[in-house]
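Notes for the one structure printed next.
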Amino acid sequence: MSTKARIEDYIKDEKLRNTFSQVFDYTTVAAIHELAAKGFIDHLEHIISTGKEAHVYLAFDKAGKKRAVKIYKIETSNFRNLRKYIEGDPRFKNISSDRRDIICLWARKEYKNLEKLADAGVRVPLPYAFNQNVLVMEFIGNDAAAMPLKEDPITDFDFLYEFIIKEVAKMIYHAKLVHGDLSEYNILNFEGKPVIIDCGQAVTTAHPHAMEFFQRDIKNISSYLAKNGLKKSLEEIKQDIKKAR
């Protein structure tokens, strides 16, 4: 490994460093090195969350500010599943069949989606930078990272419903995006207010599967609310989203 891109420079904890080395390759370390050279990352502190496609780390930038660094796995990500959210998106042409290229495109796609959503006023983590399969975002939390509704529910479900309706309306009518995987697993509870995460799969409203993904989102919303005593039909949710546009 080049002395210009050593994982030891960015992860001080030996156990975390060993875990990182088992999952990510030299190219990922080099991508972190380039982001560090621009001041976006100083070091990775610990893992916030793990998933089949990515790990999210608490990091600090050169100014000492907390950041969330999402690193997509190259070898274990289901890149064939990812393609259906990319193909048909007018923003991405001549899509490669190479696994690494697809994963890196996905990181870029999540960055672009977060930009569009934030510009539309949707409460999502602000994106700061990306390089290859590494995405640097706003850290959502205080001393500890905010948890998803599945683990830390917002118990005022009328408030939660109103929030979701307004955010989905802003997504569709202002950002022109459909989240595609909206559920209690990817809405954080930060000081009693929701923050929507995991926006890599979001597609434009012009995408051939946009309506299918929208239907899935509102079914997830309806199901979660019904489990907690707030019954809303799919048609009610659709109408409320239209009213909130």
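Look through the range 169-205, keep the residues that are under 11 Å from the mean Cα position of the chain (by Cα) and β-branched (Val, Ile, Thr), and return whichever of them is surrounded by the fewest Cβ atoms within 10 Å (Cβ to Cβ).
The extreme case among them is VAL195.
Given (1) part of a helix (DSSP H, G or I); (2) outside the structural domain of HIS55 (by TED's automatic domain parsing); (3) under 20 Å from LYS66 (Cβ atoms), where does LEU114 come up short, assuming only one miss?
The number of the failed condition is (2).
Scan the range 18-52 for residues that are in contact with a Leu (Cβ under 9 Å, 6 or more places away or on another chain) and surrounded by fewer than 19 Cβ atoms within 10 Å (Cβ to Cβ) and report the count.
Total satisfying the criteria: 3.
Please name all residue pairs, on different chains or six or more residues apart, with Cβ atoms under 8 Å, provided the first residue is in the range 202-223 and is modelled with pLDDT under 95 and the second residue is of a type in the set (Asp, Glu) and not in a helix (DSSP H, G or I).
Close Cβ pairs (under 8 Å, with a partner that is of a type in the set (Asp, Glu) and not in a helix (DSSP H, G or I)) amount to HIS207/ASP89.
Report the residue count in the range 214-226 for those that are more than 16 Å from PHE163 (Cβ to Cβ) and buried (at least 21 other Cβ atoms within 10 Å of the Cβ).
1
What are the residues in the range 39-61 that are touching a residue at least 24 places away in the same chain (Cβ under 8 Å) and out of contact with any strand residue (DSSP E or B) (no Cβ under 7 Å at 6 or more places or on another chain), if any?
Across the range 39-61, the qualifying residues are GLY39, LYS52.
Kindly provide the set of residues from the range 88-120 that are over 19 Å from the mean Cα position of the chain (by Cα) and surrounded by 12 or more Cβ atoms within 10 Å (Cβ to Cβ), ordered by number. Walk me through it before giving the result.
Narrowing the range 88-120 to residues over 19 Å from the mean Cα position of the chain (by Cα): 88, 90, 93-99.
Passing the criteria: GLY88, ILE95, ARG99.
Check ASN133, ASN113 and return the single one that is closer than 18 Å to GLU75 by Cα, modelled with pLDDT of 95 or more and polar (S, T, N, Q).
On inspection, the qualifying residue turns out to be ASN133.
When the range 63-87 is examined, which residues are found to be surrounded by fewer than 17 Cβ atoms within 10 Å (Cβ to Cβ) and modelled with pLDDT under 95?
Within the range 63-87, GLU75, THR76, ASN78, ARG80, ASN81, ARG83, LYS84, GLU87 meet the criteria.
Scan the range 72-104 for residues that are over 20 Å from PHE213 (Cα atoms) and part of a helix (DSSP H, G or I) and jot them down. Show your work before the answer.
Pass one, the range 72-104, residues over 20 Å from PHE213 (Cα atoms): 72-77, 93-104.
The answer is ARG99, ARG100, ASP101, ILE102, ILE103, CYS104.
Looking only at residues in the range 92-138 that are in contact (Cβ under 8 Å) with a residue 12 or more places away in the chain and hydroxyl-bearing (Ser, Thr, Tyr), which one is farthest from ASP42 (Cα to Cα)?
Only one residue tops the list, namely TYR111.
Spot the failing condition for LEU58; the list is (1) within 21 Å of ILE187 (Cβ to Cβ); (2) at pLDDT below 90; (3) not hydroxyl-bearing (Ser, Thr, Tyr), and only one is missed.
(2)
The values are calculated or read from the model by the stated rules, or taken from the named source; none is laboratory data. Everything numeric here is computed off the predicted structure, so don't read it as measured data. Heads up, the Cβs are rebuilt from the backbone with ideal geometry, glycines too, and the neighbour counts pull from every protein chain shown.
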